Structures are given as structure tokens and as C-alpha cells.
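Peer 1: Pasting in a structure now, in C-alpha cells, and then I'll have a few things to ask.
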2 protein chains.
Amino acid sequence: MLKVGFSRASVSAAPTHRLLFNLGRVNLATPIGNRSKLIGSVMGSHSTASSQSPKLLFRQLFEKESSTYTYLLADVSHPDKPAVLIDPVDRTVDRDLSVVKELGLKLTYAMNTHVHADHVTGSGLIKSKVPEVKSVISKASGAKADVLIEHGDKIYFGDLFLETRATPGHTSGCVTYVTGDGPDQSQPKMAFTGDALLIRGCGRTDFQSGNSEQLYKSVHSQIFSLPKDTCIYPAHDYKGFTVSTVGEEMLYNPRLTKDEGTFKGIMANLNLAYPKMIDVAVPANLVCGYQDLIPKSS
Amino acid sequence: MLKVGFSRASVSAAPTHRLLFNLGRVNLATPIGNRSKLIGSVMGSHSTASSQSPKLLFRQLFEKESSTYTYLLADVSHPDKPAVLIDPVDRTVDRDLSVVKELGLKLTYAMNTHVHADHVTGSGLIKSKVPEVKSVISKASGAKADVLIEHGDKIYFGDLFLETRATPGHTSGCVTYVTGDGPDQSQPKMAFTGDALLIRGCGRTDFQSGNSEQLYKSVHSQIFSLPKDTCIYPAHDYKGFTVSTVGEEMLYNPRLTKDEGTFKGIMANLNLAYPKMIDVAVPANLVCGYQDLIPKSS
């Protein structure tokens, strides 16, 4: 008999009795062989939504119109509680800064994983409201920012840091930010993959110097090489998922589990509509959201 | 000089140099007095999105149309990996069951925090697809279900459990499910508050036997009495928040930080529209989603 059951007891008193249901096994295929080994390593001893560093405060925030996730990370063991935002959106900057203020954090970086085509980054608006904040984007993106990062660069906030991994393919300047190694850092690791790797999907490769062959190599060499229990936090989700793991995506991503040739075929035949925001978003994001500072053409 | 900075180094090599930015303090009010004490206890040594039990797998899932959060919890240390879903939505049942299958879990309970008025619960549809699953709702809700729970009841999945706290006020049958006490259980605790307590808000009290005085008492006696670092996971969010804490809501909830009289005045003057789904959702949810089994009136 399973210990799965239902116990009736007052909140403050010891349980007086426990009703146990003898439940049959549900009719779901059990992973076998390599699958069960991989799943075991994904789920063995941790919560996949957790970030188990005693120093790290972590918040996932959602912008519904563009289905964008913004991430707030802070070192709350540091006296200044330094914090970073990854992929802020212009429409939700006030919400994000309100949370930063309420939690007593000191925002230091507004980081972008890439030049987005579907929304305007919040990094420019954040800088206009909190001038000390530095905008961050990859040098390879061709965009302007206070800090232009490259593969291998580390962004510190207190004792914690994010390491930059170049993951081009959706755009030529895409990066993935990965939490660091060491006893103070998040365990399991967390990877902020932008549009390179989405949960059970990936970013399109048909504009902004997109290249499906490059994206395939990026994901396999830079993300799938991380520990299997690394939490995947993408820039978007359209189905209501909030987190996945490297191990899960290696098993169940419908595109990136395929061989490279099949993947390229899938990406070449998506027949997606032209992004409605691209002509506004890309020029603005090439200056990290400082769109109002661009001289208007006469 | 702060240690907040930016380091350029190859991924595999030791940092060769570190550029440090001497950042001024951002222009944000710092909480003082009781506020800073409370905030300290909220953020001291944990991630507020985490569920730090080595046994617990936790997933937050979102249904965009009704802005509903569904929660998946499982004991992955148990050989059967027993799992529960809290507040599943009919439209996203296939997604939820797919995740359950991919993670190798055995779904045992489809639990409802209350009779929802804005969407149809997924518990009936889940039972039609996985008959072993038991639907759960409070006895006080007046709804039908396989398991009718009351204040103090515990729902076990493996070695983990959720404790039921009666939190009426939004509806007369609302409950909050709280993770258990003990070394195996989540630390910090997690509270699934339904519509009783939302992040910086609360459920309306103008239909389904709603009562603002009762809601105020429920939140203060049953939720705000939990440890300050307890993570608040509501049934809905409309602004893109995913999690809060008891400590945060005690400081920043714009309604429930007020005295009872002011709260009742706020709730009496919301002037909200009649819920567009209520006439479909409530009858269906009173039978936990088995709406197709209700005899049609001739």
C-alpha cells in the first residue's frame, strides 16, 4: 500500500487517523533505458523551480502581451543587495522597479540576451529612471550599451555572478547567461537562454542574421553540455511553462532532439508571419531601448 | 568599493582581470524600522521562488486566458513519484498531463482551492483521461468531488503533504493548501492561496457567498500567521508576478495591510463587472468539472 493518502486532523493536533487510498498505477508510459537514467538525473534530489543558493533571491516576471519573461536576481547576503534584471520589457519597467524597491535591492545591471524583435527592451527606460544602472548586451549584437560582453565574460552582483555563453543562431548576437560555479552559487545551475532554447522549442532563425545550423551547434555545445539538472529559464513561453531543465530538453525538445539536418529542415519550413513589432523593436533595441535619443530623420 | 562588477575571462580559465564599477546608491527609499526587520526575515537566506526540499519537484504552470496558475508537486524520492495538481484548468489539461508523463510522475490528486467562477476546473477532464486520479475540494464549497476536505486535513503524496487551511471570504468554501512541517518538507514553506490572497491583491467578495469581513479574518489568521518567508503561490496573477512571500504581502498588499474597516470599504467599492464565465464555470465546477455528466434540462 502506498503512503499516498489523505489524513484528517486538526491543524494543531497530531493526526488521529489516516485514510489511505490504494491507488493503481496510472496509464502512462514509463521512461526506460537511457530515458529513465536521464530523467533520474534531472529530478533526483531537487526542485526544478528552485535556486538553492542561500545568497540568491530570484524572481521570474511575465509580460503577457509579448509573452516575455524578465528575471530578477540579487545577492541578498551582501549589505547592498546588488541585483540584475535579465530581459526587462519597456511596458513592465515600473512593475520591475517597484519590486526592486520593495525588496530593498540595488539594481546594477539591466541585461539583454539579444536584440529582441517582438518587444522593446526596458533597459533604456530603466536607465532614464535609475541612471546608475548599466545596460548590458553582447558585442556581437552590434547594439550600443554601457557594457558590451563577450563569450566567457562574467557579470558580478555581490558574491554571485552570471557567466556569458555565446549562443548565436536566433540572432548573431544571442547569449545565454549561466549562474556560476562555487559553493555560494545556485545549485542546481540556472541558464537564461533568451530565444536560443525555449521550453520544448527554440527561437526562429529566419531574420536578424538567424542561422539554423549555428543555432543547433550553439544549443548542443553551450547549453546541452551543462549539467542535466540545470534549470532552463527562457526569454519567452507561449504555453504557460515557467521552467525546464537541460535533461528534459535533451529528451523532449521536439526540434533540438533531432539530428542537425532534420532540425534545419524544420526551421526552414516554419512559415511564420513577419513579426509585427520588428520594425519598431529592432531599431530601439539596437540602442538598448534609448529609442527616444535617436535623431529623427527629416 | 563594491564587489559588484564585470569580469572578462575565458569560460575555462581563471579571470585575468576584473573591471569594477564604483556605483552610487540608487535613488530608492530604503525600508526602515519594522519594515527593514520584516524584509530581512523575508529575504535573509533563501530564494523566494525556491522549494528547498530534496524530495519535492515543483512546477508552476500558467493558463493565459484566465490568468490562472496551476501547480504540480511531486515526491520524486518515492519510487512511484506520486504527484498532485492544484487548480488545473480544463483548457490546459493536455499540457499538464504531458508534463506529468514526461517527468515519469504518477498523478494521484487533482485539487481545487475553491469553486472558480472564471474558468472550468480541469479535474473532471483529468479524471476522464486518468481514472485513478481523485478530485479534491472542500466540503464547505458544496461541490461534489472524490475527496471532500476540511480545515486541518492533510493530503499526502509520498512522504510529502499539503495541509488544508479554511480561508473563506472570496467564496464560502475557499481553502489554502500549505506544505507540511518536518525535515523532508519544503523549506521555506509554500502556501497555495487560491483567490484568498493574491500577490498585492485578493479575490473579490461580491458573489458566491463572498464576505469581505470573513476574507480579512481568513488571511490574517490563516496566512499572515505563517512564517514570513513562506512563499505565496496564488491561483491567479494579472500583472506577471509569479510568487511573493507572507512577509512581503504583510508589508505591501494594498488591501490587506489596511485595517478591517478600510478593507471592507475597499471591497465594497470595487465596482467590478459581472464575471463573463460565471454562469458556465460555477455549475461545472460544482461537480469538479464533470459538466458533461449533468442531466440537461428539457
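The values are calculated or read from the model by the stated rules, or taken from the named source; none is laboratory data. What you see is a predicted model, and the numbers here were worked out from it, not measured in a lab. Neighbour counts are summed over all protein chains in view; Cβ atoms, including those assigned to glycine, are modelled from backbone coordinates with ideal geometry.
Peer 1: If you check B:Cys174 against the conditions, is it buried (at least 19 other Cβ atoms within 10 Å of the Cβ), closer than 16 Å to B:Thr68 by Cα and either away from chain A (no Cβ under 12 Å) or at pLDDT 95 or above (or both)? Quick ask: steps written out before the conclusion?
Peer 2: Values: buried (at least 19 other Cβ atoms within 10 Å of the Cβ): yes; closer than 16 Å to B:Thr68 by Cα: yes; either away from chain A (no Cβ under 12 Å) or at pLDDT 95 or above (or both): yes.
Spelling it out, B:Cys174 is indeed buried (at least 19 other Cβ atoms within 10 Å of the Cβ), closer than 16 Å to B:Thr68 by Cα and either away from chain A (no Cβ under 12 Å) or at pLDDT 95 or above (or both).
Peer 1: Working carefully through the options A:Thr262, A:Thr245, A:Thr257, find the one that is polar (S, T, N, Q) and surrounded by 19 or more Cβ atoms within 10 Å (Cβ to Cβ).
Peer 2: On the way: A:Thr262 fails: surrounded by 19 or more Cβ atoms within 10 Å (Cβ to Cβ); A:Thr257 fails: surrounded by 19 or more Cβ atoms within 10 Å (Cβ to Cβ).
Sole residue among the options that is polar (S, T, N, Q) and surrounded by 19 or more Cβ atoms within 10 Å (Cβ to Cβ): A:Thr245.
Peer 1: Another question, then. Look at B:Thr262 and say whether it is among the polar types (S, T, N, Q) and touching an Asp or Glu at 6+ places or on another chain (Cβ under 7 Å).
Peer 2: Spelling it out, it is not the case that B:Thr262 is among the polar types (S, T, N, Q) and touching an Asp or Glu at 6+ places or on another chain (Cβ under 7 Å).
Peer 1: Anything in the stretch A:105-156 that is surrounded by fewer than 19 Cβ atoms within 10 Å (Cβ to Cβ) and in contact with an Asp or Glu (Cβ under 6 Å, 6 or more places away or on another chain)? List them, or say none.
Peer 2: Hit for the stretch A:105-156 is A:Lys139, nothing else.
Peer 1: Name, by its number, the condition in (1) at negative phi; (2) more than 12 Å from chain A (Cβ to nearest Cβ) that does not hold for B:Asp87.
Peer 2: Among (1) at negative phi; (2) more than 12 Å from chain A (Cβ to nearest Cβ), B:Asp87 violates only (1).
Peer 1: Hey, can you tell me all the residues within the stretch A:57-66 that are surrounded by 18 or more Cβ atoms within 10 Å (Cβ to Cβ) and over 12 Å from A:Gly122 (Cβ atoms)?
Peer 2: A:Leu57, A:Phe58, A:Arg59, A:Gln60, A:Phe62
Peer 1: How many of the residues in the stretch B:197-225 are more than 19 Å from B:Ser66 (Cα to Cα), out of contact with any Leu (no Cβ under 6 Å at 6 or more places or on another chain) and crowded, with 21+ Cβ neighbours inside 10 Å? First the steps, then the outcome.
Peer 2: Within the stretch B:197-225, the subset more than 19 Å from B:Ser66 (Cα to Cα) is B:209-225.
Okay, now just the ones that are also out of contact with any Leu (no Cβ under 6 Å at 6 or more places or on another chain), so B:209-218, B:220-222, B:224-225.
With crowded, with 21+ Cβ neighbours inside 10 Å added as a condition, the list becomes B:212, B:215-216, B:218, B:222.
Total meeting the criteria: 5.
Peer 1: Another one. Could you please find all residues in the stretch B:227-242 being farther than 22 Å from A:Leu97 by Cα and crowded, with 22+ Cβ neighbours inside 10 Å?
Peer 2: Within the stretch B:227-242, B:Thr230, B:Ala235 meet the criteria.
Peer 1: Spot the failing condition for A:Arg204; the list is (1) closer than 27 Å to A:Tyr252 by Cβ; (2) basic (Lys, Arg); (3) in a helix (DSSP H, G or I), and only one is missed.
Peer 2: Against the list (1) closer than 27 Å to A:Tyr252 by Cβ; (2) basic (Lys, Arg); (3) in a helix (DSSP H, G or I), A:Arg204 comes up short only on (3).
Peer 1: I would also like to ask the following. Out of all the residues in the stretch A:225-242, which are of a type in the set (Val, Ile, Thr), more than 10 Å from chain B (Cβ to nearest Cβ) and over 14 Å from A:Asn253 (Cα atoms)?
Peer 2: Narrowing the stretch A:225-242 to residues of a type in the set (Val, Ile, Thr): A:230, A:232, A:242.
Then drop every residue that is not more than 10 Å from chain B (Cβ to nearest Cβ), which leaves A:230, A:232.
Residue satisfying the conditions is A:Thr230 alone.
Peer 1: If you go through the stretch A:196-209 one residue at a time, do you hit one that is among the β-branched types (Val, Ile, Thr) and within 11 Å of chain B (Cβ to nearest Cβ)? Break it down into steps so the answer makes sense when it comes.
Peer 2: Of the stretch A:196-209, the ones among the β-branched types (Val, Ile, Thr) are A:199, A:205.
Okay, now just the ones that are also within 11 Å of chain B (Cβ to nearest Cβ), so A:199.
The answer is yes; a qualifying residue exists.
Peer 1: May I pose another question? Exactly one condition in (1) under 19 Å from A:Phe58 (Cβ atoms); (2) over 10 Å from the mean Cα position of the chain (by Cα); (3) outside any loop (DSSP other than H, G, I, E, B) is not met by B:Ser221; state its number.
Peer 2: (1)
Peer 1: Taking the residues in the stretch A:273-294 that are assigned to a helix (DSSP H, G or I) and hydrophobic (A, V, I, L, M, F, W, C) as candidates, determine which candidate is modelled with the lowest pLDDT. Give the steps one after another, and end with the answer.
Peer 2: If we filter the stretch A:273-294 for residues that are assigned to a helix (DSSP H, G or I), which is where we start, we get A:278-285, A:291-293.
Now drop any that are not hydrophobic (A, V, I, L, M, F, W, C), which leaves A:278, A:280-282, A:284, A:293.
Working: A:Ile278: 92, A:Val280: 90, A:Ala281: 92, A:Val282: 93, A:Ala284: 92, A:Leu293: 53.
Checked the stretch A:273-294; the qualifying residue modelled with the lowest pLDDT is A:Leu293.
Peer 1: Next question, about the same structure. Identify, by number, the condition in (1) within 16 Å of the chain's Cα centre (by Cα); (2) in a strand (DSSP E or B) that B:Ser135 doesn't meet.
Peer 2: (1)
Peer 1: While we're here: Hey, among B:Gly104, B:Gly210, which residue is under 27 Å from B:Gly240 (Cα atoms) and in contact with a Lys or Arg (Cβ under 8 Å, 6 or more places away or on another chain)? Before the answer, list the steps.
Peer 2: Numbers: B:Gly104 fails: under 27 Å from B:Gly240 (Cα atoms).
Testing whether each residue is under 27 Å from B:Gly240 (Cα atoms) and in contact with a Lys or Arg (Cβ under 8 Å, 6 or more places away or on another chain) leaves just B:Gly210.
Peer 1: Give the residues of the stretch A:62-85 that are touching a Pro at 6+ places or on another chain (Cβ under 8 Å) and either at pLDDT below 95 or not small (Gly, Ala, Ser) (or both), sorted by residue number. I'd like the intermediate steps shown before the answer.
Peer 2: Here is the first cut: in the stretch A:62-85, the ones touching a Pro at 6+ places or on another chain (Cβ under 8 Å) are A:69-70, A:74-75, A:77.
A:Tyr69, A:Thr70, A:Asp75 - these are the residues of the stretch A:62-85 that are touching a Pro at 6+ places or on another chain (Cβ under 8 Å) and either at pLDDT below 95 or not small (Gly, Ala, Ser) (or both).
Peer 1: If I filter the stretch B:172-199 down to residues being assigned to a loop (DSSP other than H, G, I, E, B) and among the small types (Gly, Ala, Ser), which single residue comes out as nearest to B:Phe157 (Cα to Cα)? Let's see the steps before the verdict.
Peer 2: At the first step, the residues of the stretch B:172-199 found to be assigned to a loop (DSSP other than H, G, I, E, B) are B:172-174, B:180-189, B:195-197, B:199.
From what's left, among the small types (Gly, Ala, Ser): B:172-173, B:180, B:182, B:186, B:196.
Numbers: B:Ser172: 27, B:Gly173: 23, B:Gly180: 11, B:Gly182: 15, B:Ser186: 13, B:Ala196: 24 Å.
This residue is B:Gly180.
Peer 1: Looking only at residues that are among the hydroxyl-bearing types (Ser, Thr, Tyr) and within 8 Å of another protein chain (Cβ to nearest Cβ) in the stretch B:90-108, which one is nearest to B:Lys127 (Cα to Cα)? I'd like the intermediate steps shown before the answer.
Peer 2: Just the residues of the stretch B:90-108 that are among the hydroxyl-bearing types (Ser, Thr, Tyr), to begin with: B:92, B:98, B:108.
Within this subset, residues satisfying the condition of being within 8 Å of another protein chain (Cβ to nearest Cβ) are B:92, B:108.
On the way: B:Thr92: 14, B:Thr108: 10 Å.
This residue is B:Thr108.
Peer 1: Related question: I'd like the full set of residues that are farther than 29 Å from A:Glu260 by Cβ and of a type in the set (Phe, Trp, Tyr), limited to the stretch A:142-177.
Peer 2: A:Tyr156, A:Phe157, A:Phe161
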